[in-house]
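K.L.:
Take a look at this one; I'll ask things after.
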Amino acid sequence: MSRHRDVRNMDYSEDYDGYDDVYGHSVDDDYYISPSNRQFIYNRENSRDQPKIGEFIRTEQDIQEEDESESASELSDLDKARLESCIEEIKATLGPLSIPRNELVNIIISNNYNIERATNALLDDSKNLQSESKEKVPSIKVVASGGKTTTNVTKGFDLSQNKDSVKLTTTPRSQSPASGRGTPINTEEIKVVKSRDNKIDVESQYKKERGDSKEHLYMVVIGHVDAGKSTLMGHLLYDLGQVNQKAMHKYEQESRKVGKQSFMYAWVLDETGEERNRGITMDVGRSQFETKTKHVTLLDAPGHKDFIPNMISGAGQADVALLVVDATRGEFETGFDFGGQTREHALLVRSLGVTQLAVAINKLDTVSWSKERFDEISQKLKIFLKQAGFREGDVTFVPCSGLTGQNLIDKPTENELLTWYNGPCLLEVIDNFRTPARPVSKPFRLSINDIFKGTGSGFCVSGRVETGSLNVGDRVMVCPNRELSVVKSLYIEDLSQTVVFAGDQATVTLSGIEMQNVSIGNVLCDPQNPVQVSSKFQARIVVFNLTIPITKGFSVILHHQSLVEPAVVRKLISQLNRSTGEVVKKHPRFLSNNTSAIVEIQVSRPIALELYSDCKELGRFMLRVGGVTIAAGLITKIML
């Protein structure tokens, strides 16, 4: 405190002469306060040499206050709504505008709310400013086609005679099919094929990104509990080298300690302690392996009836299915008879859109590789699977043993099996699956099946990209809440990606939205073409085995992708012929076993839906009651 003087009681003449002349100086010493020992903040004497603040303002355009024009204030409510709609449309087309709002309003009104003419007027006004600049700037032309306004942006393009292609030699920004926002792409010279609406052809982008890699296939493994699904797949992964010898030895020692040595291969996929203690799969296990032509993502679904919702979630992500049945006498009959999960699983995957099926007749070594037993099981399953909707050419039967590893990745060595079987091994059957067509050109849709906190800012959601494509930086809408968010990063199998396409199981990091506002079963979609949201819809359903007939007001549990929601059958509109689809009876009083009908379903709250004709993946659903699947349906009409 010794440095501070009592200025208030100080005698200027005695203690300090010339105190008024030291403005900007230290009190104790005669140095400038600035560390550079020069001017301190502002020097009055040299201020004449400093540039005026007005010189920093551009003289080309004076700053104008954004007062509302008289014409805008006198508009009717209808014209005001039209005006705001035009402003939003122009901003979506051209991006952020530097023009004052009152000028923008006058231009729109003078062009009679015509978006195309107003946009061209704005661009014409900006030509003078662009011509004064020596730098090359994008030239923009607005074109209206089919009632939509699109823009062509040219930046240093080398235009050739071919009107269908444009070569980019600078660092362009691609127009994302999901949001329309610009996202950075590679700076290398690429060829962009323009579609009818002048956007990048997503199919060409898909071929460019995935053309050289192996086809990606998602395969779900289904079947009755204790059929040996996890053991079969664990042994397959071990034989393919996906599990090293050290880890396999560890599983063997640990399973022997708890008296379950035969479960050592199952522990490759059953990783949680509860699954290993109970000896059953509870959640969908994931793993990857490769065949000659395909990269396969394996989804090991639970077989216990208590975990059917998890199985439905896994089957909804799959392209093809592997049905595992137990060849042991008595065990196959238990799983195949009414109440067993063999029938229900096959019906579920077919209702969820899976058309190709491989049937692994497992544990055939317990019946000495009997051909009679193999033929008996195959014949029963062929009849049932045909009734379920599988074509005979899309179903393949293969004998194998998950515990001994026979006929998994190589031809069998058992003489008893070689005497009557000379078909493909299980790996060859998987490699022969056809990869379904990916609807990459449709509007973006992603069904969320998991939500978790990531390592950085924001949070992550994972799910299957049902249709379309998604780029980093795109804006997406979360339905049914209709909240907007921005994509910060994309991952497939923990590998960072810049773009994902339909069919990919992707992890998306979102920002700009609270984690509690997103739920499992929500749908990420294109903000410019959002998914429909409703709590009431009409559907065509196929009824399975019932204990109680379906009547008006029947309460059910709706399974739509990963969404599980209570629902009520509000109306029975008509009963149909299962083969021809013709109306058999209007307004039936009830629906019994093995019938088809058109019904109206009311959900407890609005959910994201799509018509089956528009999006097959989001147009399917299941109805369950008391832990049993009673019907599968297709959405035919959404009531908004």
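The values are calculated or read from the model by the stated rules, or taken from the named source; none is laboratory data. What you see is a predicted model, and the numbers here were worked out from it, not measured in a lab. Here the Cβ is made from the backbone with ideal geometry for all residues, glycine too, and neighbour counts use every protein chain on show. Only protein heavy atoms, including side chains, enter the accessible area calculation; ligands, DNA and RNA are left aside. Shrake-Rupley method; radii C 1.70, N 1.55, O 1.52, S 1.80 Å.
K.L.:
What is the distance, in nm, between label points placed 7 Å from the Cα along the Cα-to-Cβ direction at Asp394 and at Ala437?
P.N.:
That separation, rounded to one decimal, is 1.4 nm.
K.L.:
Residues with amide H under 5 Å of Ser511's amide H, sequence separation 5 or more or different chain, H placed in the peptide plane at 1.01 Å from N; which?
P.N.:
Val486, Lys488
K.L.:
Return the FRET efficiency for the residue pair Ser368, Val584: r is the Cβ-Cβ distance, R0 is 45 Å, and the value is rounded to the nearest 0.05. List each step's numbers first, then the result.
P.N.:
Working: r = 50 Å, r/R0 = 1.11.
Plugging the Cβ-Cβ distance into 1/(1 + (r/R0)^6) gives 0.35.
K.L.:
Is the C-alpha gyration tensor of the stretch 424-469 telling us rounded, prolate or oblate? Criteria: a/c under 1.5 is rounded; beyond that, a/b larger than b/c is prolate, otherwise oblate.
P.N.:
Details: a/c = 4.15, a/b = 1.69, b/c = 2.45.
Oblate shape, in that a/c is at least 1.5 and b/c is the bigger or equal ratio.
K.L.:
Before I look further, what does the stretch 400-523 give for accessible area per residue, probe 1.4 Å, in whole square angstrom? Walk me through the intermediate numbers first.
P.N.:
On the way: 5090 Å² over 124 residues.
Spelled out: the 1.4 Å probe surface of the stretch 400-523, per residue, equals 41 Å².
K.L.:
Cα gyration tensor of the stretch 496-640, axes a ≥ b ≥ c as square roots of the eigenvalues: rounded (a/c below 1.5), prolate (a/b > b/c) or oblate? Can you show the working numbers first?
P.N.:
On the way: a/c = 2.25, a/b = 2.00, b/c = 1.13.
The shape class here is prolate.
K.L.:
Then there is this: Quick check: the distance between the Cα centres of the stretch 585-613 and the stretch 452-467, to the nearest angstrom?
P.N.:
33 Å
K.L.:
What's the local net charge at Met622, with K and R +1, D and E -1, over the other residues with C-beta under 12 Å away? Kindly include the intermediate steps, with their values, before the conclusion.
P.N.:
Values: positive: Arg350, Arg620, Arg624; negative: Glu344, Glu565.
Net of charged neighbours comes to +1.
K.L.:
Among His560, His249, what's the order by accessible area (1.4 angstrom probe), most exposed first? Could the numbers behind the result be given before it?
P.N.:
Values: His560 5, His249 95 Å².
Sorted by accessible area, descending: His249, His560.
K.L.:
Using the structure shown, list the pairs from Lys536/Lys571; Lys552/Lys586; Lys305/Lys382 with a Cα-Cα distance above 21 Å, or answer none. Mind showing how you got there, number by number?
P.N.:
Working: Lys536/Lys571 11 Å; Lys552/Lys586 13 Å; Lys305/Lys382 23 Å.
Result: Lys305/Lys382 exceed 21 Å.
K.L.:
What are the residues whose amide H is under 5 Å from the amide H of Glu215, where those residues sit 5 or more places off or on another chain and H is modelled from the backbone?
P.N.:
His295
K.L.:
A follow-up question, please. The stretch 294-431: D in µm²/s via Stokes-Einstein (Kirkwood Rh, Cα pairs, 10 °C, 1.306 mPa s)?
P.N.:
Answer, rounded: 103 µm²/s.
K.L.:
Amide H neighbours of Phe544 under 5 Å, at least 5 residues apart or on other chains, H built in the peptide plane: list them.
P.N.:
For Phe544, whose amide H was placed from the backbone, the distant partners under 5 Å are Asn594, Ala631, Ala632.
K.L.:
Find out how many positive minus negative residues lie around Thr334, taking Lys and Arg as positive, Asp and Glu as negative, among other residues whose Cβ is under 11 Å from that of Thr334.
P.N.:
Within the 11 Å Cβ shell, the charges total -4.
K.L.:
Over the stretch 488-640, what percent of the accessible surface lies on carbon and sulfur atoms, probe 1.4 Å?
P.N.:
Working: 3460 of 6970 Å².
Carbon with sulfur: 50 percent of the solvent-accessible area.
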